[in-house]
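Encoded as structure tokens, the structure appears first; notes follow it.
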4 protein chains.
Amino acid sequence: MSHNIFGHLFRVTTWGESHGPALGCVIDGCPPGLPLTPEDIQVWLDRRRPGQGKFVTQRQEPDAVRILSGVFEDDRTGGPVTTGTPISLMIENVDQRSKDYSEIAQAFRPGHADYAYFAKYGVRDYRGGGRASARETAARVAAGAVARKVLGPGVAIRAALVQIGPDAVDRGRWDWAEVERNGFWCPDPATVEVWERRLEAVRKAGSSIGAVIEVEATGVPAGWGAPIYGKLDAELASALMSINAAKGVEIGEGFASAALSGEENADEMRPGADGPLFLSNHAGGVLGGISTGQSVVARVAFKPTSSILAPRRSINEAGEAIEVRTKGRHDPCVGIRAAPVVEAMVACVLADAFLRHRGQVGDKVAAASNARAIDD
Amino acid sequence: MSHNIFGHLFRVTTWGESHGPALGCVIDGCPPGLPLTPEDIQVWLDRRRPGQGKFVTQRQEPDAVRILSGVFEDDRTGGPVTTGTPISLMIENVDQRSKDYSEIAQAFRPGHADYAYFAKYGVRDYRGGGRASARETAARVAAGAVARKVLGPGVAIRAALVQIGPDAVDRGRWDWAEVERNGFWCPDPATVEVWERRLEAVRKAGSSIGAVIEVEATGVPAGWGAPIYGKLDAELASALMSINAAKGVEIGEGFASAALSGEENADEMRPGADGPLFLSNHAGGVLGGISTGQSVVARVAFKPTSSILAPRRSINEAGEAIEVRTKGRHDPCVGIRAAPVVEAMVACVLADAFLRHRGQVGDKVAAASNARAIDD
Amino acid sequence: MSHNIFGHLFRVTTWGESHGPALGCVIDGCPPGLPLTPEDIQVWLDRRRPGQGKFVTQRQEPDAVRILSGVFEDDRTGGPVTTGTPISLMIENVDQRSKDYSEIAQAFRPGHADYAYFAKYGVRDYRGGGRASARETAARVAAGAVARKVLGPGVAIRAALVQIGPDAVDRGRWDWAEVERNGFWCPDPATVEVWERRLEAVRKAGSSIGAVIEVEATGVPAGWGAPIYGKLDAELASALMSINAAKGVEIGEGFASAALSGEENADEMRPGADGPLFLSNHAGGVLGGISTGQSVVARVAFKPTSSILAPRRSINEAGEAIEVRTKGRHDPCVGIRAAPVVEAMVACVLADAFLRHRGQVGDKVAAASNARAIDD
Amino acid sequence: MSHNIFGHLFRVTTWGESHGPALGCVIDGCPPGLPLTPEDIQVWLDRRRPGQGKFVTQRQEPDAVRILSGVFEDDRTGGPVTTGTPISLMIENVDQRSKDYSEIAQAFRPGHADYAYFAKYGVRDYRGGGRASARETAARVAAGAVARKVLGPGVAIRAALVQIGPDAVDRGRWDWAEVERNGFWCPDPATVEVWERRLEAVRKAGSSIGAVIEVEATGVPAGWGAPIYGKLDAELASALMSINAAKGVEIGEGFASAALSGEENADEMRPGADGPLFLSNHAGGVLGGISTGQSVVARVAFKPTSSILAPRRSINEAGEAIEVRTKGRHDPCVGIRAAPVVEAMVACVLADAFLRHRGQVGDKVAAASNARAIDD
């Protein structure tokens, strides 16, 4: 990961500001021959799209994606497939309303990247947070859609909100199907109402609130990840921490593992049909930086939206004391819209890990190694 | 970060197994002209060295570092300075006792990387965990010593244990001086005794326990970090998660920020002498992936040591059910010895961020940008 | 350089096919605060544009560039400047005429990348060579325009054709002003007529011909380049060899140096006003992979255009013997239009080397080191 | 390629100075399970070793390589195999004679990297050229030996000198077996005597002379190389140009292709047993940056050794005019000893290209794609 590019063999470059003409990404190194249409990408973008509920920003962006390169009709099927060359995806910005931001052109909003960008670059696009806007995450979601194609149907990645403010879901009531039914990606039907009440209060107060997202990838075979510094969990940590407003990442038991004993924590194994049968998954599917074949599980903490109506003390570019109230259209809880982004980043990391693993050991060795654990 | 190399301009490659002849690192891209002697590095290695207390492994390794390249006498001072070429550092393994590990040659120890390495590579150096051993972290500490030279005395990095098992320090009694006085890197004198009792019990039970480390870097100027995917916090997350046994990383308020309101979380600013004066540091010194000039604060969760005497169910390379008891010399709490490693990784990330920032904006622009925030 | 991305700190990703809707590039890591308008880029694209003479392809492309991100109004001057975030540039394809290529959809044209792409990816965009088309070089030229902004007016880069087919220029008549006067980038007025006659004959024969381009960068200070594997000449070699149809690269005396004696080849030095005064430049401005302060000089050999009307034996995707005649609109000598591309690649390499050098040693050290050579 | 690291998946970091205690390399990303002993590497180092003839330096270095990591006994064969973790190789310097160099501590030798290193870094290890010494190439040769293991016996790489000074071999008499019989890697027995006479004269005159090496890799399947900027020929150009004293690189017909017509240059194809049968190889086995299945052919030009006894005008660190005569032990023609280095660099580039190609398309797709060209 460096600057605006991440990945090693499956490499994603994103570009674009909140209020520029467009944003997009270029995916380099994608395997050839994968069927890919704009609709394959649009379905994921639509899940991230703003303007879909009263607790998300009212900015209306169709987020219609165009594929500008890297796809061509397959001479056998006639359908569009990836060609192995760079896939350029573009999403035009439509509903920008730049005038909303004129007030804050000289102000550093507390909790935002305003001051940091100014200190680094000496110039910044202040409209809607510019490059630091969550709109950039649309490009990640688009890339993630392609990454899912690389991973194939065997690997499933899904995220759920597990906490908003102080209210966590009851894991005993966890139901993945429920996640698709409510606007909060909440796996626990009983918690939905609690969150609604809290968010209503937060919205009325002109305030905002944080959240925690859990993501799970099933079907990841053992062997992905490249120790020591390209460990699968290290790459996930980096990818997830790079999402706007993320402040913490944990794998498997995460911070709770500090309080466990060695007996509790170390997942026992028994012989299984095609590899070890793990009796628990405190590790979150990663040991020594390499996938074990169990589900890969991670959680990301998101801070409250920094754009709030409540007045806050700050300074402006001239260094003068000011007071800031951020009007405009903002999500009271950025975590709610981050679930598709979290999924997309996990998809990209896994696609890259898959290709790198295949590069180092080859299809056959990989298959053989996996099998050997129980067949030898 | 890829495989065994991390960093972009300040680039560290590490190598070596627990029971091979030696381990080491190569640092590429180090600025020239920095005074550097083996002693400058040894002092940090000595802090990480095993065999220094009853709650750490009894393996006795002098960890004497040799500088094999990249340093030459300065023609003005006559003392050794970095030349800008690769700095190769080597530490010989002395106290290996490979026989301790013969029993586990075919076994996959639960919670270890044994199975994952085997599944990935089809072959593994099982002695002491091979490449996955915490001995590898000596190379990180050596690199971190050089990174501190790059950062200069203005940037101070120090870590403390804030939790062992369920017992957290009382932050009201925090005293950095205390960290150097006890064997636990504990900043709270009253907690030392609590931890001692717990560790004694853990050791007697043949068990192990997890921990949380907090690290703080002061003196980091505003502007370091390269959004979007090379964000300073994303790089820290990756670097810290890559440490053996790490399961979670958080920046500033971290997971606790999920429960905060926007007003609580967004650090207010007032005009200060040379830049903004922040009234709080929930952000942990990073906004939008760029340092703000506040202290950079992170925490890392470590799982309990997986090598425990208590018998655990597992399988072997032949896929048969076995029971594993890990004898040998092991730390009951790997977190205790991880503090210098955490510091070293933060130092390396910051040194790299510094050089990259300087590359993109130059000394003068950087200085000017920082100043402009209040002077314009 | 990897796949479709090159550079380290000044990083360029290009995308697009000859007959897709558009092509473009994303420049990551550009220093902030550089004035940049579409016109700054267009002027260079216009130099590369096809349809400007009878010896270049008749395809008519306006090559109008759009800046989609990374530029914003400076709050002091009001003019657009780079912000330090990714600069996305897009050029729409207008005059594609895909029907011209239907005949060769299944054919592998000799000398083209057709077969190689098919063998690698199993699928290919055959229209106009797809990704392998020289149209891709428009994106390079656009990136080069930004690179020139990074380098500033002190570094001048200019290319000239020095050979077409067997006919080389007479270096005794070299006149840089002449390069801008004829359609061949020819620095020797007397050779223009020779080349015209040869190209006329080549065109009539439905054939094509190769060429050699020389490029010179003046104003490059001593110290750029990163030995051992990121040597300035190695990076130039890679960048120039990556241009379509390039088959050879040489620095300074190049292949002719094989026949020199050590006395002839080693450029002698005398004390100069601000550094050494070199008495010759056989080295082409690079020693040990680092710039010396002399002009950086390189040459690139281009093979003849592979798209020719003359029939050639080949095979098709089904492996059957066929005969291929490439109709369509093609340059009889691709070298003629490559001069702006060569300049652009040199600009990108130098901009990247500049930023990396500044990152490692800093503005002040760099300045001091340069000065010290004579002032101490 | 960046600084002292090259390659993407098969990644080589080298370190060490001519007169430091040792030099070496770390190979990261090597596939696991490859048998590897020190002898496998030593055989290639012995071919590069100095002190083996009267026309090479008299410095006596055994160049004994140690494998410090990354290799372990295979549990099936008991022999040492690569484990997929970093392979650290070290060669100790034995015959350094640092006193030889005291005279030049303050001098910039014309044609050397002395001044350039000083201008870049402000400090340099002047002993024997420090990092810029050709001794560094021993590490490349060691890495190349491992790369050959990755490529397997199907890919054969061999180099020959084709020109010393103005004297080129007669290609009509080319005999690869002859290359192993004389001390010049000369494929033409009749030319050996010519070169001997010339080198004797050069040596007596205290002068030196340049050379050209040709390298050929057979058995490279179609599909390796990653366009656009990671083209196989671009990577070869970079790798070969990074060798000490290299000034030019060409692929296939190279600079001569400028004088060819399109009909001559474009290699015709006929149906073959397993892919196209090419009727010529002007392309040097690479089209569009991708291997075609033909032999990969490149040539590298080496300038004359800059260390000569003949006095040359120069300046010193103080900027004063001086005269330099380079005593010490030097090769009159560095090209002679570069043949094993050229082979090694080609091996490393190909191994990396192989792994990257496998990563992107997989074993099966690669195989299928290759076959499809004729089977469909």
Cα long-axis angle, helix D:232-241 against chain D (0 to 90 degrees, to the nearest 10): 10 degrees
Rounded to one decimal in nm, the spacing of the 7 Å Cα→Cβ label points at C:E320 and D:V94 is 6.6 nm
To test your reading of the geometry: what angle, between 0 and 90 degrees and rounded to tens, separates the Cα axis of helix C:38-48 from the longest principal axis of chain C? 60 degrees
Within the stretch C:178-204, the residues whose backbone N lies under 19 Å from a label point placed 7 Å from the Cα of C:N281 along the Cα-to-Cβ direction are C:178-180, C:186-188
For chain C, what is the relative contact order in percent, using Cα pairs closer than 8 Å and at least 6 residues apart in sequence? 21 percent
Buried area at the A-C interface (accessible, heavy atoms, 1.4 Å probe, summed, Å²): 3600 Å²
Could you give me the ³J(HN,Hα) list for the stretch D:305-316, computed from phi with Karplus coefficients 6.51, -1.76, 1.60 and θ = phi - 60°, whole Hz, x at Gly and Pro? 3, 7, 7, 10, 6, 4, x, 10, 6, 7, 10, 10
If you put a point 7 Å past Cα along the Cβ direction, how far is that point for D:R76 from the same point in each other copy, in nm, smallest first? 3.1, 6.1, 6.8
In chain A, which residue puts its Cβ closest to the axis that turns chain A onto chain C, and how many whole Å away is it? A:T13, 2
With a 10 Å cut-off between alpha carbons and a GNM built on chain D, which of D:S306, D:S261, D:S18 moves the most? D:S261
Alpha-carbon centroid distance for the pair the stretch A:260-309 / the stretch C:1-41, whole angstrom: 39 Å
Whichever aspartates and glutamates have a C-alpha closer than 15 Å to that of B:K204, once near sequence neighbours (fewer than 8 apart) are set aside: A:E263, B:E196, B:D331
Going down the table (A:K120/C:K149; D:K149/D:K231; A:K247/B:K303), which pairs top 26 Å between alpha carbons? none
Round to a whole number: what % of the accessible area of chain D belongs to carbon and sulfur, probe 1.4 Å? 51 percent
7 Å along Cα→Cβ for the label point: how many nanometres lie between C:A321 and each equivalent label in the other copies, listed shortest first? 6.8, 7.2, 9.1
Any idea what the A:G152 label distances to the other copies are, label 7 Å down the Cα→Cβ vector, nm, shortest first? 2.1, 5.4, 5.5
Out of A:D95, A:D352, A:D233, a Gaussian network model of chain A with alpha-carbon springs under 10 Å gives the largest mean-square fluctuation to A:D95
Could you state how much accessible area B:R148 has, in square angstrom rounded to the nearest 10, with a 1.4 Å probe and all protein chains kept in place? 50 Å²
Per residue, in Å², the accessible surface of the protein assembly as shown once ligands and nucleic acids are set aside, probe 1.4 Å: 29 Å²
Among B:D363, C:D175, C:D188, what's the order by accessible area (1.4 angstrom probe), most exposed first? C:D175, B:D363, C:D188
Please find the FRET efficiency linking D:R76 to D:A201, where r is the Cβ-Cβ separation and R0 is fixed at 56 Å, and quote it to the nearest 0.05. 0.45
Averaged over the residues of D:33-39, the number of partner chain Cβ atoms within 10 Å of each residue's own Cβ comes to 1
I'd like the accessible area for A:C348: 1.4 Å probe, protein heavy atoms, all chains in place, Å² to the nearest 10. 0 Å²
For the stretch A:286-364, just say rounded, prolate or oblate: build the C-alpha gyration tensor, square-root its eigenvalues into a ≥ b ≥ c, call rounded for a/c under 1.5, and beyond that prolate if a/b exceeds b/c, oblate if not. prolate
Calculate for chain B the 222 nm mean residue ellipticity that helices alone would give, adding -39,500 (n - 2.57) per DSSP H run of length 4 or more and normalising by residue count, nearest 500 deg cm²/dmol. -9500 deg cm²/dmol
Counting only other chains, and only Cβ atoms inside 10 Å, what mean value do you get across the residues of C:157-164? 1
Along the stretch A:245-251, Karplus-curve 3J(HN,Hα) (6.51, -1.76, 1.60; θ = phi - 60°) to the nearest Hz, with x for Gly and Pro, reads 6, 5, 10, x, 9, 9, 10
The size of the Cβ-based charge dipole (Lys, Arg +1; Asp, Glu -1) of the stretch C:283-327 about the Cα centre, to the nearest 20 debye, is 200 debye
What is the stretch A:235-279 by shape, rounded, prolate or oblate, if you read a ≥ b ≥ c off the alpha carbon gyration tensor as root eigenvalues and call it rounded for a/c under 1.5, prolate for a/b larger than b/c, and oblate otherwise? oblate
Tell me, what is the percent relative contact order of the stretch B:72-134, built from C-alpha pairs under 8 Å that lie six or more residues apart? 21 percent
Say we join alpha carbon atoms closer than 10 Å with springs in a Gaussian network model of chain B; which of B:Q163, B:Q294, B:Q106 then has the biggest fluctuation? B:Q106
Sparse-neighbourhood loop hits (chymotrypsin sites (Phe, Trp or Tyr not before Pro), the stretch A:240-303; DSSP loop; Cβ within 10 Å at most 13 others) -> none
Looking only at GluC sites (Glu not before Pro) in DSSP loops with at most 13 other Cβ atoms within 10 Å, what is the longest site-free stretch of chain D? D:1-179
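The values are calculated or read from the model by the stated rules, or taken from the named source; none is laboratory data. In this text the structure is predicted, and so the values were computed from the model without any measurement. Counting neighbours? That spans all protein chains shown, and the Cβs are built from the backbone with ideal geometry, glycine included. To get the accessible areas, we keep the full protein, side chains included, count just its heavy atoms, and leave off ligands, DNA and RNA. Shrake-Rupley method; radii C 1.70, N 1.55, O 1.52, S 1.80 Å.
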